[in-house]
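Got a structure for you, written out below as structure tokens; questions coming shortly.
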Amino acid sequence: MNEILSQIFQIGFFAALIRIATPLIFGTIGELFTERAGVLNLGIEGIMMLAAMTGFSTTYFTHSLWLGILAAMVTGVLAGLLMGLLTVSLGLSQHVSGIGITLLCSGLSFFFYRLIFGQPSSLPKIKPFEVVPVPLLSKIPIIGPIVFDQFALVYIALIIVPVSAWILYSTPWGLNLRTVGENPRAAFSAGVSVTAYRYQGLAIAGALAGLAGAFLSMAQYDAYTFGVISGRGWVCIALIVFGQWDPWKSAAGAFLFAFIDALQLRLQASGVIHVPYQVFLMMPFVFTIIGMALVSRNARVPAALLKPFRKEER
Amino acid sequence: MTFRLEPREHTPVWLNALLPLLAVFATLVICSGLIKLAGASVFSAYAILFKSALNSRFNLVETAVKATPLILTGLAVVVAFRAKFWNIGAEGQLLAGAMAAAYLGALKSFPGWSLIPLMIVGGALAGAIWAAIPAILKTRYKVDDVVTTLLLNFVIYYGMMALLNGPWKDPLSGYPDSPDILPAAEFPILLKATRLHLGVVVAVVATLLIWFLVRRTTLGFSITAVGENPKASSYAGMSVSKVIFLAAAISGGLAGLAGVGEVGGLHFQVMAGISPGYGYTGIVIAMLARLNPLGVIPSAVFFAIIITGAEAMSRATGVPVFLADVIQGTALVTMLIALLFNQYRLRFKRVSHE
């Protein structure tokens, strides 16, 4: 047993954990901005899928990775704005609109991928992001190779957590955004545009979901496949519930999920437990549900989440 | 000139039927842009799509066979959404029903005649149980139903794949297919030399029963009341938790039946691709049917046409077959927008510059 544990908990394990957490952090933190403004965006699973495709395709043809990232983020923003049109401007059901966005975006990603690449005999690939060691810091024993020997996007994800906490809790913009999500009537009376803040929240969520999708097809892997997201968008929404709508706790949830995911990958590879590997794939989802059940009783949901706002109604 | 939405006092009857048609028309117009992008003629692509699903006895039957699971998942979503139980898990509940049917249908110790009823009851029960988990999590622990129903889809999918790669793996070929059900468990064929099976009857009977449930029974009334106003229903003496639980179980049972039909009538086994997203399409179907059980049949037939027709269209014109997926997503969005005209009317007025 000890042998197995020491085999699993090596530096490579923790480095992998941080890589696995990265797209989840992007998705979760992004979604936090729209939910704190009062809009649940169930579209992020589809947005990640579509952005993984647009980012990959852009890089495939331009050979520029950062252009691909830009394309993925623009894709996400556009899908977020469409979600805004439906839920903010038209006040439609956030649940059904979000599912509509996911179905639409994943349909579009399949359609355009097939249109662009046809059905080639070998999977089209790009030269993906490479690891960028941070000078000096990457030389620190243990922590260096785990944290500071990663993709550039990983560093961005790690920085985004404190930055978003600061934006949400310490800036006037963040205060307004949270007020819009808690008490839109009060925000409106104080001259804050509920519509504008909700659109901004959705645009941020879209951009970061796009980044998450691009990370998967352009850094974690070097190709786009139909299963590239496989539920990570939904997991992000669960992590926000788990994290009680707080950036720090949600990010902690992302690391916890990544820990279980990295663990199941190692267990799969170790071959110690003889069950079909899908049993391991199931584990992170089961633990996410259990985690939600443990914290949901005292959930701190933004008061105006799911509620459309109409100026003229009282 | 500017416009605003004004609340309607009551909805004219003709609007109820017109809105889904408008949404479908708008969807086809929007998606024609994609056909053009793919370099095909819009008119001939759509013509092939609809014709190939309807132009012969064989193709009509195939469309009906495709519509069968869609009717059941559509009904599943209708019941759940009426109670505002956001069951996005029909996909997983379908898989639960399919696995139960594959297991029960292969039991040699039971008399042959009992297998089909056993599969139907067992499959519906399996779906109901799988839907009961998120219902209990919602009513007892206040866990968001959207997320749990979705995540449970992944849990059961991987569970199924583990079974197919473990105990159920074909020992000879090594394929991840479950053992075939016994011949006595195969659904009878209704039309000679076609694939029209008993499942179609199950789907139509289920539609009538759900219509009766929703329109004529106390439970059906409670489900709608809880969905519209849980607080008022609670004051009126209904047990909101119980109603949500029952709605979820019925919903899951219907989705489970969809899985039973696919195993008993079509594939006679469970394999990885047993449901290409029928559970998710059920959401689109239910919304297009405006959560009316009787509306589910035309709505499901429409999407069966789109899904079967898209393959022929893709072969003939080279437009990617995934147009069918885009149409589903677009239809959900356009239908949502169309529903606005149910509650509001568009009023144009001139802006006065004073």
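In degrees from 0 to 90, rounded to the nearest 10, what is the angle of the helix A:172-182 Cα long axis to the longest principal axis of chain A?
80 degrees
Another question, then. Could you give the angle, 0 to 90 degrees to the nearest 10, between helix A:65-84's Cα long axis and the longest principal axis of the Cα atoms of chain A?
Around 40 degrees separate the two axes.
Turning to a different aspect of this structure: Filter chain B for me: DSSP H helices, axial length by Cα at least 24 angstrom, mean Kyte-Doolittle hydropathy not below -1.0. List them by residue number. Please list the in-between numbers first.
Values: long enough: B:13-37 (38 Å, 2.04); B:57-82 (36 Å, 1.13); B:115-141 (38 Å, 1.44); B:145-165 (30 Å, 1.41); B:198-216 (26 Å, 2.12); B:240-261 (32 Å, 1.70); B:296-317 (30 Å, 1.36); B:323-343 (31 Å, 1.46).
TM-like helix candidates: B:13-37, B:57-82, B:115-141, B:145-165, B:198-216, B:240-261, B:296-317, B:323-343.
Expressed as a whole percentage, what fraction of the accessible surface of the protein assembly as shown belongs to carbon and sulfur atoms when a 1.4 Å probe is rolled over the protein heavy atoms?
Ligands and nucleic acids excluded, carbon and sulfur give 67 percent.
Whole-Hz Karplus ³J(HN,Hα) for segment A:95-101, in order, using 6.51 cos²θ - 1.76 cosθ + 1.60 and θ = phi - 60°, x for Gly and Pro?
These are the phi-based 3J(HN,Hα) values: 4, 5, 4, x, 5, x, 4 Hz.
Given B:66/B:169; B:142/B:242; A:249/B:138; B:138/B:242; A:249/A:307, which pairs have Cα atoms separated by over 19 Å?
Checking Cα-Cα distances, B:66/B:169; A:249/B:138; A:249/A:307 exceed 19 Å.
With the cut-off at 1.5 for a/c, could you classify chain B from its C-alpha gyration tensor as rounded, prolate or oblate?
It comes out oblate by the Cα gyration axes.
Where does chain B land at 222 nm, in deg cm²/dmol rounded to the nearest 500, when only DSSP H runs of n ≥ 4 count, each adding -39500 (n - 2.57), divided by all residues?
Numbers: 13 runs with 239 residues, N = 354.
For chain B, the value works out to -23000 deg cm²/dmol.
What average count of beta carbons from other chains do you get within 10 Å of the Cβ of residues in A:114-126?
So the per-residue partner count for this stretch is 2.
Here is a follow-up. Quote the relative contact order of chain A in percent (integer), defining contacts as alpha-carbon pairs under 8 Å separated by 6+ residues. Spell out each step's value before the answer.
Values: 539 pairs, mean separation 110.8, N = 314.
After rounding, I find 35 percent.
Quick one: which residues, 5 or more positions from residue B:344 or on another chain, have an amide H under 5 Å from its amide H? H modelled 1.01 Å from N in the peptide plane, none for Pro or chain starts.
Those qualifying (amide H under 5 Å, at least 5 residues apart or on another chain) are B:8.
With a 1.4 Å probe on protein heavy atoms only, tell me which residues of segment A:268-299 lose at least 20 Å² of accessible surface in the complex relative to the chain by itself.
Flagged in segment A:268-299: A:276, A:278, A:281, A:282, A:285, A:289, A:292, A:293, A:296, A:297.
Something else now. Using the alpha-carbon atoms, what tilt in degrees (0 to 90, nearest 10) does helix A:232-242 show relative to the longest principal axis of chain A?
70 degrees
Once the dipole of segment B:41-338 is set up with Lys and Arg at +1 and Asp and Glu at -1 on Cβ about the Cα centre, which of B:202, B:151, B:227 lies farthest towards its positive end?
In segment B:41-338, that residue is B:227.
Still on this model: Once you charge only the Cβ atoms, +1 for Lys and Arg and -1 for Asp and Glu, what is the size of the charge dipole of chain A about its Cα centre, to the nearest 20 debye?
About 500 debye.
So, for segment A:113-156, what is the accessible surface per residue at a probe of 1.4 Å, expressed in square angstrom?
62 Å²
Can you give the relative contact order of segment B:10-124 as a percent, counting alpha carbon pairs under 8 Å and 6+ residues apart?
12 percent
Please name which of B:321, B:179, B:123 has its Cα lying farthest along the dipole of segment B:41-338 towards the positive end, using unit charges on Cβ (Lys, Arg +1; Asp, Glu -1) and the Cα centre as origin.
B:123
Non-local amide H neighbours of residue B:197 (under 5 Å, H modeled in plane, Pro and chain starts lacking H): which ones?
B:190
Taking H placed 1.01 Å from N in the peptide plane, check which residues at least 5 places from residue B:175 or on another chain put their amide H under 5 Å from its amide H.
B:170
Which one, A:303, A:257, A:237, is farthest towards the positive end of the dipole of segment A:225-314 when Lys and Arg carry +1 and Asp and Glu -1 on their Cβ?
A:303
Still on this model: Using r as the Cβ-Cβ distance of residue A:190 and residue A:3, and R0 as 45 Å, what FRET efficiency do you calculate, to the nearest 0.05?
Efficiency for this residue pair is about 0.10.
Ordering A:60, B:280, B:235 from largest to smallest accessible area (1.4 angstrom probe), what's the sequence?
Greatest to least solvent exposure: B:235, A:60, B:280.
Something else now. Report relative contact order for chain B in percent, whole number only (criteria: Cα-Cα under 8 Å, sequence separation at least 6).
Relative contact order of chain B: 37 percent.
Hey, got the average number of other protein chain Cβ atoms within 10 angstrom for residues in A:84-91? Numbers along the way, then the final one.
On the way: counts 0, 2, 3, 1, 0, 0, 6, 4.
Partner Cβ neighbours, averaged per residue: 2.
Assuming R0 = 56 Å, can you tell me the calculated FRET efficiency for the pair residue A:283 and residue B:17, based on Cβ-Cβ distance, to the nearest 0.05?
The computed FRET efficiency comes out at 0.70.
Here is a further query. Residues of chain B: accessible area per residue at 1.4 Å, in Å²?
Counting only protein heavy atoms, the per-residue value for chain B is 44 Å².
Same structure again: Going by average Cβ neighbours within 10 Å, how do the peptides A:206-214, A:130-138 rank, with the highest at the top? Please report the intermediate quantities before stating the final value.
Numbers: A:206-214: 32.4, A:130-138: 12.3.
Packing proxy ranking, top to bottom: A:206-214, A:130-138.
Given a 1.4 Å probe and no ligands, DNA or RNA in the count, how much accessible surface is buried by A and B, both sides, to the nearest 100 Å²?
Interface area, both chains combined: 3900 Å², rounded to the nearest 100.
How big is the gap, in Å, between the Cα center of segment B:12-78 and the Cα center of segment A:35-107?
After rounding, the separation between the Cα centres reads 25 Å.
On to the next question. Among B:86-94, B:333-341, how do they line up from the highest to the lowest mean number of other beta-carbon atoms within 10 Å?
On the way: B:86-94: 31.7, B:333-341: 20.6.
Packing order, densest peptide first, comes out as B:86-94, B:333-341.
Need one value: the accessible area of residue A:249 in square angstrom, 1.4 angstrom probe, rounded to the nearest 10.
The accessible area comes out at roughly 100 Å².
If you take the square roots of the eigenvalues of the alpha-carbon gyration tensor of segment B:237-354 and sort them as a ≥ b ≥ c, do you get rounded (a/c under 1.5), prolate (a/b over b/c) or oblate?
Oblate shape, in that a/c is at least 1.5 and b/c is the bigger or equal ratio.
Taking every residue in B:325-338, how many Cβ atoms of other protein chains lie within 10 Å of its Cβ, on average?
Per residue, the average neighbour count from other chains is 6.
Once you have a ≥ b ≥ c as the square roots of the Cα gyration tensor eigenvalues for the protein assembly as shown, tell me rounded if a/c is under 1.5, and otherwise prolate or oblate according to whether a/b is larger than b/c.
It comes out rounded by the Cα gyration axes.
Listed highest first by mean packing, meaning other Cβ atoms within 10 Å per residue, what order do A:76-82, A:96-102 come in?
Sorting A:76-82, A:96-102 by mean packing, highest first, produces A:96-102, A:76-82.
In segment B:308-332, which residues have a backbone nitrogen under 17 Å from the label point lying 7 Å from residue B:50's Cα in the Cα-to-Cβ direction?
Answer for this model: B:308-314, B:324, B:327-328, B:331.
Mind ranking A:224, B:103, B:46, B:157 by accessible surface for me, highest first, 1.4 Å probe?
B:103, B:157, B:46, A:224
The values are calculated or read from the model by the stated rules, or taken from the named source; none is laboratory data. Nothing here was measured: the structure is a model prediction, and the numbers come from that model. Cβ atoms come from the backbone with ideal geometry, glycine included; neighbour counts cover every protein chain shown. Ligands, DNA and RNA are stripped out before the accessible areas are found, and what is left, the full protein with its side chains, is counted by its heavy atoms. Shrake-Rupley method; radii C 1.70, N 1.55, O 1.52, S 1.80 Å.
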